[in-house]
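Trainee: Below are the structure tokens for one structure; questions will follow.
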Amino acid sequence: MRHLILIFFLILFNPQLVFGQFSPSIHNYSIAEYKAGNQNWDIARADNGKVYVANNSGLLEYDGLVWQFYQLPNKTVVRSVLTVGDIVYTGSYEEFGYWKKDEYGALVYNSLSDEVSGEISPNEEIWQIVKFRNKIIFRSFSNVYVYDSNSVTRLRPNSTVISCSVVDDELYISTLKQGVYLLKENELQQFYNNDLLLDAKIISIDKYKNKLLLTTSLKGCFFLENGKLSRTSFEVNEQIKLHQLNNFSILDSGEMIF
């Protein structure tokens, strides 16, 4: 996204699927206001109301009045951001770690990737960060890094990693050619695979009406129940097949955002 613009497509699931565009009130913050790079990759809101943005030039912090800019020691792009309590986790180019406030209220960076510096793949970038139980998961296309507050463990599937999803206290790790894995005791355990999912790019796994809902980037949505995969009848499937989908989530109300 070029500026801090959040545009959602709201899908309402009633007896029939209603497909429409939801246009919230939007304020467009210009580069002149936040004084950083011209691309923003991820956004997170902390419990204290502050907003943190993964920016081409570093990390942005916004309290509703003032923008603060923080640069990584290696001065690289920040691709992903997650807040947990008063800690801000970020992922970037061959680097990931967390930020904490010092005694003066400024964010100070602590690298976690230093612990596995010899295992990081060349040109690797961390595109997603999720909280799972008492762990923080950093995902690139090559690896999954598990941080348990004491150490970092690298897990490397034999296929490109597309997404990580937490459902009912389970972490599902979706790959491009080897289906879906579960994280069990810091090890990857094969959960499900099917030829229909080959090259499908599963961008999200969610719970919908007591079934697992697998949303793909180009092949539409699937239900997975009792080990059986079936295509959904959602009308939006045809739109997904025509236009590559990059993000998806389900609200508590049951509404879906694409």
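The values are calculated or read from the model by the stated rules, or taken from the named source; none is laboratory data. In this text the structure is predicted, and so the values were computed from the model without any measurement. Methodologically, a virtual Cβ is constructed for each residue, glycine included, from the backbone with ideal geometry; neighbour enumeration extends over all protein chains shown. With ligands, DNA and RNA removed, areas are computed over all heavy atoms of the protein, side chains included. Shrake-Rupley method; radii C 1.70, N 1.55, O 1.52, S 1.80 Å.
Trainee: Pull up region 8-30, narrow it to residues that are assigned to a loop (DSSP other than H, G, I, E, B) and of a type outside the set (G, A, S), then point me to the one that is modelled with the lowest pLDDT. Spell out the reasoning first.
Mentor: Initially, region 8-30 is screened for residues assigned to a loop (DSSP other than H, G, I, E, B), giving 14-16, 23-30.
Now restrict to residues that are of a type outside the set (G, A, S): 14-16, 24, 26-29.
Numbers: N14: 38, P15: 35, Q16: 39, P24: 63, I26: 74, H27: 78, N28: 84, Y29: 87.
Checked region 8-30; the qualifying residue modelled with the lowest pLDDT is P15.
Trainee: Could you list all residues from region 58-85 that are hydroxyl-bearing (S, T, Y) and assigned to a loop (DSSP other than H, G, I, E, B)?
Mentor: First pass over region 58-85, keeping only residues hydroxyl-bearing (S, T, Y): 62, 70, 76, 80, 83.
T76 - this is the single residue of region 58-85 that is hydroxyl-bearing (S, T, Y) and assigned to a loop (DSSP other than H, G, I, E, B).
Trainee: Which fully enclosed strands (runs of 3 or more DSSP E) of region 164-240 have 3 or more residues being under 28 Å from I136 (Cα atoms) and either among the acidic types (D, E) or in contact with a Leu (Cβ under 9 Å, 6 or more places away or on another chain) (or both)?
Mentor: Working: elements: 170-175, 180-184, 187-192, 202-208, 211-216, 221-225, 228-231.
So the answer is 170-175, 180-184, 187-192, 202-208, 211-216, 221-225.
Okay, residues lined up against (1) β-branched (V, I, T); (2) over 15 Å from L82 (Cβ atoms):
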residue	(1), (2)
Q128	no, no
R133	no, no
I137	yes, no
N143	no, yes
Y147	no, no
S151	no, yes
V161	yes, yes
L171	no, no
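Trainee: Could you check how many residues of region 38-73 are open to solvent by 70 Å² or more (accessible area, probe 1.4 Å) and more than 14 Å from the chain's Cα centre (by Cα)? Before you say what the answer is, go through the steps one by one.
Mentor: The initial filter retains those residues of region 38-73 that are open to solvent by 70 Å² or more (accessible area, probe 1.4 Å), namely 39, 41, 45, 47-48, 63, 65-66, 68-69, 71, 73.
Next cut, more than 14 Å from the chain's Cα centre (by Cα) only: 39, 47-48, 63, 65-66, 68-69, 71, 73.
Count: 10.
Trainee: Quick one: in region 158-172, which of the residues that are within 19 Å of I120 (Cα to Cα) and modelled with pLDDT of 95 or more is most open to solvent (accessible area, probe 1.4 Å)?
Mentor: Residues of region 158-172 that are within 19 Å of I120 (Cα to Cα), as a first pass: 158-164.
Restricting the remaining residues to those that are modelled with pLDDT of 95 or more gives 159-164.
Working: S159: 17, T160: 55, V161: 0, I162: 26, S163: 4, C164: 9 Å².
Of everything passing the filter in region 158-172, T160 is most open to solvent (accessible area, probe 1.4 Å).
Trainee: Now, a different point. Please determine, by comparing only the residues of region 95-116 that are in a loop (DSSP other than H, G, I, E, B) and open to solvent by 10 Å² or more (accessible area, probe 1.4 Å), which one is nearest to T153 (Cα to Cα). Walk me through how you get there before you give the answer.
Mentor: Let us first name the residues in region 95-116 that are in a loop (DSSP other than H, G, I, E, B), namely 102-106, 112.
Still in the running and open to solvent by 10 Å² or more (accessible area, probe 1.4 Å): 102-106.
Details: D102: 27, E103: 31, Y104: 32, G105: 31, A106: 29 Å.
Here the residue is D102.
Trainee: Shifting gears a bit: Based on what the data block shows, is S149 part of a loop (DSSP other than H, G, I, E, B) and out of contact with any Ser or Thr (no Cβ under 8 Å at 6 or more places or on another chain)?
Mentor: Working: part of a loop (DSSP other than H, G, I, E, B): yes; out of contact with any Ser or Thr (no Cβ under 8 Å at 6 or more places or on another chain): yes.
Answer is yes for this residue.
Trainee: I'd like to know if region 31-47 contains one or more residues that are at pLDDT 90 or above, touching a helix residue (DSSP H, G or I) at 6+ places or on another chain (Cβ under 6 Å) and farther than 21 Å from A106 by Cβ.
Mentor: yes
Trainee: Now, a different point. Filter region 224-246 down to residues that are at pLDDT 85 or above and of a type in the set (S, T, N, Q), then give me how many there are.
Mentor: Restricting attention to region 224-246, the residues satisfying the condition of being at pLDDT 85 or above are 224-232.
If we keep only those that are of a type in the set (S, T, N, Q) as well, we get 226, 230, 232.
So the count comes out to 3.
Trainee: Has region 187-194 got any residue that is open to solvent by less than 50 Å² (accessible area, probe 1.4 Å), among the aromatic types (F, W, Y) and at pLDDT below 90?
Mentor: No, there is no match, as no residue in region 187-194 is open to solvent by less than 50 Å² (accessible area, probe 1.4 Å), among the aromatic types (F, W, Y) and at pLDDT below 90.
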